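Peer 1: Here it is, the structure in full.
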Amino acid sequence: MAEGARVAPQATLEQGTPGPDDTTPGPREPSRRWLALAGALSGAAGVAISQAVSSALGADQGPVADVAAAVRDLTPGTLAVRLVHLVGHLDKPLLVGGTTVVLLGICAYAGTWARRRPMVPDLVFVALAALGIAAVLRQPDPPMASIIAIAAGFITWLIAFRVLAHPFLVPRWGSDHSRRDFLLRSAGVVVSVAVLSTVGRLATSGRRHAEQARRLLRLPVQRGTAPAGSTLGVKGIAPWRTSLDDFYVIHTAISPPSVAPADWQLRIHGMVENEVTITFDELIAPPLTEAWVTLCCVSNEVGGDLIGNAFWSGVLVRELLAEARPKPGADAVKQTSKDGWTCGTPLSALTDPNRNAMLAVAMNGEPLPLQHGFPVRMVVPGLYGFVSATKWLVELEVTTMDDVHAYWTQRGWSPKGPVLTQSRVDVPRDGATVKAGTVRVGGSAWAQHTGIEKVEYQLDGGPWQAAELGRVPDADTWVQWAGTVDVEPGDHRLHVRATDRSGYVQTAAKADPFPSGATGWDSHPFSAE
Ligand SMILES: Nc1nc2c(c(=O)[nH]1)N[C@H]1C(S)=C(S)[C@@H](COP(=O)(O)O)O[C@H]1N2
Ligand SMILES: [Mo]
């Protein structure tokens, strides 16, 4: 563009054609149709690249559909209804198609300005990208993939338009040579876009394959409805049942490995009498076990949110291990993930008849999301994820604790990793301002597999008060707690501590997550007015 801006006036001067503001093309000036074509082609290239990027990143829909959805939602209701009736079931393709046509039309029009006002096409591209981003951001949970996709499309617009408009902005326009130049450049842009999209598709074909397999998978599982009384109804406490979208994600893999159920196998070997290899269909053939389990990360700071509670469906590990028959002397299982990540788990936690350690295939009634370990992951109540919750699990080696060299323990983290009893203030929020008087407070507490006995809260260093506790199915989940405090105007601080069913009262002593989990009481400063 910058180049065009410099050369264009000079070109018109040399040719003695009308000035840059004149819209009638001179005898040797490119027709505006060529510039419109360059604009439309660039627009199409940008749209294609952004769609490819968004599908490569696993977004539900491309940016064009995001914009189309915004158009639909912002169309006055009665008009929208009448239009939908008019076009019947074709409303969606028509909307997306129509949005694309309008978009390309705008790009074409922007292109026609390249000679007279070289900034215009760029500004139009900026405006269109901003519109796209606005359409994404108005969604309840704006997908980052769509933003990146729009950025990629925008950059493509800028580059493609510079490449395509160039032949029309140099002085020698009009010869067959420049038309040929344009055709060659167009072919170059089309081929580049096709190659980039194809490379993107190939690079992500494994993931799309796994995703499709996940979509088609029907498992005999339940959604899991939070049991009555588990939720205390205090606004601001984390929901007792964590939705899949809100469930924390931790793994060392750059992108989740793609494993389709048909390709999945689990091998149980090592110190066993009977080596076992099991396929996905064999795994899920017997009736599945279902349980609420709260999973948390050892890296969670006091008050942190690397914790979630889900309804898991799967197969009890102890039944598979019983089939493999561990040899005497074995006291550990080394788990290996498809991506090579490993962890060591005490054998006793997996064979304990009172602990539902399971190979989970579903979470909240849906096949595991890819980032949570599709198709099979381990869940062990009472152990931190880094010593137990292997995602994309493919191998269990029965062994001894001394012989396990696992990913995090090699880096100094504690080998055993039982979950430490913890509690968290959710409301009032950290630093919140509330109305003076009686204030509802609350949060969550957990001591998986031991169970929470009591939660107490304390205002401004005063006496500890017993909190009301939500009902829970068993010891393996977190518990909601709630209470009330009377606050005068001014600054305050609320502390919380839990007592578990072993009688242990949460220590006030602060410890970092490394190497075996954070300790200390959570507290929130807040003020009242
Ligand atoms: N394959 C694999 N599994 C893994 C990990 C990992 O890095 N790779 N991280 C573990 C850790 S540290 C935690 S806390 C849990 C997190 O599980 P989530 O992402 O489903 O919440 O997964 C565990 N399983
Ligand atoms: Mo973790």
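The values are calculated or read from the model by the stated rules, or taken from the named source; none is laboratory data. A quick note: this is a predicted structure, and the numbers were derived from the prediction, not measured. Neighbour counts run over all protein chains shown; Cβ positions are idealised from the backbone, glycine included. Surface accessibility is based on the protein's heavy atoms, side chains included, excluding ligands, DNA and RNA. Shrake-Rupley method; radii C 1.70, N 1.55, O 1.52, S 1.80 Å.
Peer 1: Condition test on VAL425, is it open to solvent by less than 10 Å² (accessible area, probe 1.4 Å) and more than 29 Å from GLY236 (Cα to Cα)?
Peer 2: Numbers: open to solvent by less than 10 Å² (accessible area, probe 1.4 Å): yes; more than 29 Å from GLY236 (Cα to Cα): no.
Taking the combined requirement at face value, the residue does not satisfy it.
Peer 1: Could you identify the single residue in ALA151, ALA203, ALA160 that is touching a residue at least 40 places away in the same chain (Cβ under 8 Å) and within 23 Å of the chain's Cα centre (by Cα)? Let's see the steps before the verdict.
Peer 2: Details: ALA151 fails: touching a residue at least 40 places away in the same chain (Cβ under 8 Å); ALA160 fails: within 23 Å of the chain's Cα centre (by Cα).
Every option except ALA203 fails the conditions.
Peer 1: Quick test of your reading of the structure: VAL439 fulfils all but one of (1) part of a strand (DSSP E or B); (2) closer than 30 Å to VAL379 by Cβ. Name the failing condition by number.
Peer 2: The single condition VAL439 does not satisfy is (2).
Peer 1: Name the pairs: first residue in region 403-429 and basic (Lys, Arg), second residue within 13 Å of ligand 2 (Cβ to nearest atom), Cβ to Cβ under 7 Å, at least 6 apart or on different chains?
Peer 2: Once the first residue is basic (Lys, Arg) and sits in region 403-429, its partners that are within 13 Å of ligand 2 (Cβ to nearest atom) give LYS416/VAL387.
Peer 1: From the set of residues in region 362-393 that are small (Gly, Ala, Ser) and on the phi > 0 side of the Ramachandran plot, which is farthest from ligand 1 (Cβ to nearest atom)? Talk me through it step by step, then tell me what you get.
Peer 2: Residues of region 362-393 small (Gly, Ala, Ser): 362, 365, 373, 382, 385, 388-389.
The next check asks that each one be on the phi > 0 side of the Ramachandran plot; those that pass are 365, 373, 382.
Working: GLY365: 16, GLY373: 6, GLY382: 14 Å.
Among residues in region 362-393 that are small (Gly, Ala, Ser) and on the phi > 0 side of the Ramachandran plot, the one farthest from ligand 1 (Cβ to nearest atom) is GLY365.
Peer 1: While we're on this one: Looking at region 344-358, is at least one residue more than 22 Å from GLU290 (Cα to Cα) and within 13 Å of ligand 1 (Cβ to nearest atom)?
Peer 2: yes
Peer 1: When you go through GLN458, GLN480 one by one, which is the residue that is more than 35 Å from the chain's Cα centre (by Cα) and part of a strand (DSSP E or B)?
Peer 2: Working: GLN480 fails: more than 35 Å from the chain's Cα centre (by Cα).
After ruling out the rest, the residue left standing is GLN458.
Peer 1: Can you go through ALA357, ALA324, ALA330 and tell me which one is under 18 Å from LEU283 (Cβ atoms), among the aliphatic types (A, V, I, L, M), touching a helix residue (DSSP H, G or I) at 6+ places or on another chain (Cβ under 8 Å) and in contact (Cβ under 8 Å) with a residue 12 or more places away in the chain? Step through it out loud before you land on a result.
Peer 2: Details: ALA324 fails: touching a helix residue (DSSP H, G or I) at 6+ places or on another chain (Cβ under 8 Å); ALA330 fails: under 18 Å from LEU283 (Cβ atoms).
Going through ALA357, ALA324, ALA330 in turn, just one is under 18 Å from LEU283 (Cβ atoms), among the aliphatic types (A, V, I, L, M), touching a helix residue (DSSP H, G or I) at 6+ places or on another chain (Cβ under 8 Å) and in contact (Cβ under 8 Å) with a residue 12 or more places away in the chain: ALA357.
Peer 1: Conditions first: (1) under 23 Å from GLN422 (Cβ atoms); (2) out of contact with any Leu (no Cβ under 7 Å at 6 or more places or on another chain); (3) surrounded by fewer than 24 Cβ atoms within 10 Å (Cβ to Cβ). ALA406 passes all but one, so which condition is the exception?
Peer 2: Among (1) under 23 Å from GLN422 (Cβ atoms); (2) out of contact with any Leu (no Cβ under 7 Å at 6 or more places or on another chain); (3) surrounded by fewer than 24 Cβ atoms within 10 Å (Cβ to Cβ), the lone unmet condition for ALA406 is (1).
Peer 1: Quickly run through region 116-131 and pick out the residues that are within 32 Å of the chain's Cα centre (by Cα), open to solvent by 70 Å² or more (accessible area, probe 1.4 Å) and not aliphatic (A, V, I, L, M).
Peer 2: Within region 116-131, none qualify.
Peer 1: Given the conditions (1) surrounded by 13 or more Cβ atoms within 10 Å (Cβ to Cβ); (2) in contact (Cβ under 8 Å) with a residue 12 or more places away in the chain; (3) under 25 Å from LEU396 (Cα atoms); (4) away from ligand 2 (no atom under 16 Å from the Cβ), report the number of the one that GLN222 does not fulfil.
Peer 2: GLN222 satisfies all of (1) surrounded by 13 or more Cβ atoms within 10 Å (Cβ to Cβ); (2) in contact (Cβ under 8 Å) with a residue 12 or more places away in the chain; (3) under 25 Å from LEU396 (Cα atoms); (4) away from ligand 2 (no atom under 16 Å from the Cβ) except (3).
Peer 1: OK, next. Can you tell me which residue within region 70-105, out of those that are out of contact with any helix residue (DSSP H, G or I) (no Cβ under 7 Å at 6 or more places or on another chain) and open to solvent by less than 60 Å² (accessible area, probe 1.4 Å), is modelled with the highest pLDDT?
Peer 2: GLY105
Peer 1: Do you know which of the residues in region 237-254 that are modelled with pLDDT of 95 or more and small (Gly, Ala, Ser) is surrounded by the most Cβ atoms within 10 Å (Cβ to Cβ)?
Peer 2: Among those residues, the one meeting the criterion is ALA238.
Peer 1: Oh, and also: Of all residues in region 356-398, count the ones that are more than 14 Å from ligand 2 (Cβ to nearest atom), assigned to a strand (DSSP E or B) and either open to solvent by 10 Å² or more (accessible area, probe 1.4 Å) or modelled with pLDDT under 95 (or both).
Peer 2: Count: 5.
Peer 1: Picking from LYS435, LYS416, which residue would you name as being surrounded by fewer than 22 Cβ atoms within 10 Å (Cβ to Cβ) and either at positive phi or away from ligand 2 (no atom under 16 Å from the Cβ) (or both)?
Peer 2: Values: LYS416 fails: either at positive phi or away from ligand 2 (no atom under 16 Å from the Cβ) (or both).
After applying the criteria, what remains is LYS435.
Peer 1: Across region 158-187, what is the number of residues that are open to solvent by 20 Å² or more (accessible area, probe 1.4 Å) and under 15 Å from GLY39 (Cα atoms)? So that I can check it myself, show each step before the final result.
Peer 2: Let us first name the residues in region 158-187 that are open to solvent by 20 Å² or more (accessible area, probe 1.4 Å), namely 158-159, 162-163, 166, 170-172, 174-177, 179-181, 183-185, 187.
Then drop every residue that is not under 15 Å from GLY39 (Cα atoms), which leaves 158-159, 162-163, 166, 183, 185, 187.
The total comes to 8.
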